[in-house]
Amino acid sequence: MGFDPGKAPEDGHLLSSSGQGVQRVGMFTPWIEAFPSTATEIIQEIDHCVGYKLSDVIQSGPSKDLTKTTNAQPAIMATSILILRVLEREFGFKVSEQFDFTLGHSLGEFAALVSGGYLTFEDSLYLVQKRAEVMSEATKRAVQEYGGEYGMVAIITEPEYLSRLIKTIQDFVGHSSAGNKGESSMDVAPIDQVLIANINSRNQIVLSGNIDKIKTLVAHVRQFLGHDPRAVRLHSDSPFHSPIMQPAAGVVRKLLCGKSRTPGRENENMVTFPGNIPCVSNVSARPFRTADEFKDLVSRSCVETVRWWDSLRYLDQEEKVRRWVGIGPGKVGRNLVGKEVGMRGKDLVKGGGVWAITDPSEIEEVLRGLDETKDIQDEED
């Protein structure tokens, strides 16, 4: 599966950002130390946008406050854009000149939309902030109305079992989320369903919903399949990408259909379509095709499955993407890419590479790698 070493790679790049769970106290520190003037200015913009000192929570914690959905989501989004802005201002880095596609995992989709030119930083951060508030309230309401505990559980299996595992789970829950509006999980009763929140790789999926129902489902799957996949509880205080998040989908849709909140753009639509480069949707695993589809899929991504593995296979096999760069506070996206396409390097695959920028010390290596592999591709073209 993946790249045929006998075929010359075509030009293609990806800017990938990570989702919730990668936050850590002090994640601004290396950027402030390396680029004090630029980073401080951007951080001040971030605090102004959210209306409170989010930077204090990021820098000083405590961790239990930073991990709250209402802080974690805007914090991760803000850190991803901080890194991107540093690259632009300090190194003259232009996304539209370096990348052919952009893609973000779950929450990371919003940073990808900024980098692709579909949303401004201010509008995207506002969207993420409101989305997080509604998601947090939706979880509290589910606990109050139905009781129980909610969250997410990763299921790890061998690759040969994955397709059967997914089908078995879909048969049990009576629902499939594969980017088809006719099967949208928005039509499912929130408390009755567990949903596949993520299909991350060839051997990993994530379930989301009521924890007791997830445990029951996993027991049924083990009995039915005659196979014992490993289940790992994730550090999440909400069941993201499940029907419980329906209120967030409605809020995001309403905001996307409205006007920009960016100073100087108040009379313009929030969404700019098309953007500067194609962005691959988490829900459809294909680039957004129209402005209406964009608003529909971005809002539905609150409740539907993140088809990350399908997205990577599309870019790898159909678009022949050979150079991948993850930008954000964690390396989850980079590692999942490496798991699917292999940790390519220019010595193994001409013009190929998988990199991540999570710390200032990594910038030079990544920029050098992009330059060196671009030269290889130019020679072959």
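Laid out as a table, the results:
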{"quantity": "Matching residues in the range 146-167 - criterion: being part of a helix (DSSP H, G or I) and either at pLDDT 90 or above or within 24 Å of the chain's Cα centre (by Cα) (or both)", "calculated": "P159, E160, Y161, L162, S163, R164, L165, I166, K167"}
{"quantity": "Where a residue in the range 206-224 is in contact (Cβ under 8 Å) with a residue 12 or more places away in the chain and its partner, wherever it lies, is surrounded by fewer than 24 Cβ atoms within 10 Å (Cβ to Cβ) and of a type in the set (D, E, K, R), with Cβ under 7 Å and at least six apart", "calculated": "I211/E149"}
{"quantity": "Given (1) farther than 25 Å from I32 by Cβ; (2) of a type in the set (A, V, I, L, M, F, W, C); (3) at pLDDT below 95, number of the condition L113 does not satisfy", "calculated": "(3)"}
{"quantity": "Given (1) in contact with a Leu (Cβ under 8 Å, 6 or more places away or on another chain); (2) modelled with pLDDT under 95; (3) over 22 Å from D359 (Cβ atoms), index of the condition F101 fails", "calculated": "(2)"}
{"quantity": "Selection count, the range 228-259, where residues are small (G, A, S), surrounded by fewer than 20 Cβ atoms within 10 Å (Cβ to Cβ) and in contact with a strand residue (DSSP E or B) (Cβ under 9 Å, 6 or more places away or on another chain)", "calculated": "2"}
{"quantity": "Among (1) without any contact (Cβ under 8 Å) to a residue 12 or more places away in the chain; (2) under 24 Å from M245 (Cβ atoms); (3) of a type outside the set (A, V, I, L, M, F, W, C), the one test that E97 misses", "calculated": "(2)"}
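Per-residue answers, yes or no, for (1) touching a residue at least 60 places away in the same chain (Cβ under 8 Å); (2) within 24 Å of M245 (Cα to Cα); (3) surrounded by fewer than 17 Cβ atoms within 10 Å (Cβ to Cβ):
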{"position": "M27", "(1), (2), (3)": "yes, no, no"}
{"position": "A34", "(1), (2), (3)": "yes, no, yes"}
{"position": "T40", "(1), (2), (3)": "no, no, yes"}
{"position": "Q44", "(1), (2), (3)": "no, no, yes"}
{"position": "V50", "(1), (2), (3)": "yes, yes, no"}
{"position": "G61", "(1), (2), (3)": "no, no, yes"}
{"position": "D65", "(1), (2), (3)": "no, yes, yes"}
{"position": "P74", "(1), (2), (3)": "no, yes, no"}
{"position": "R85", "(1), (2), (3)": "no, no, no"}
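The values are calculated or read from the model by the stated rules, or taken from the named source; none is laboratory data. Everything quoted here is computed from the prediction, not taken from an experiment. So basically every Cβ, Gly included, is an ideal-geometry build from the backbone, and we count neighbours across all protein chains shown.
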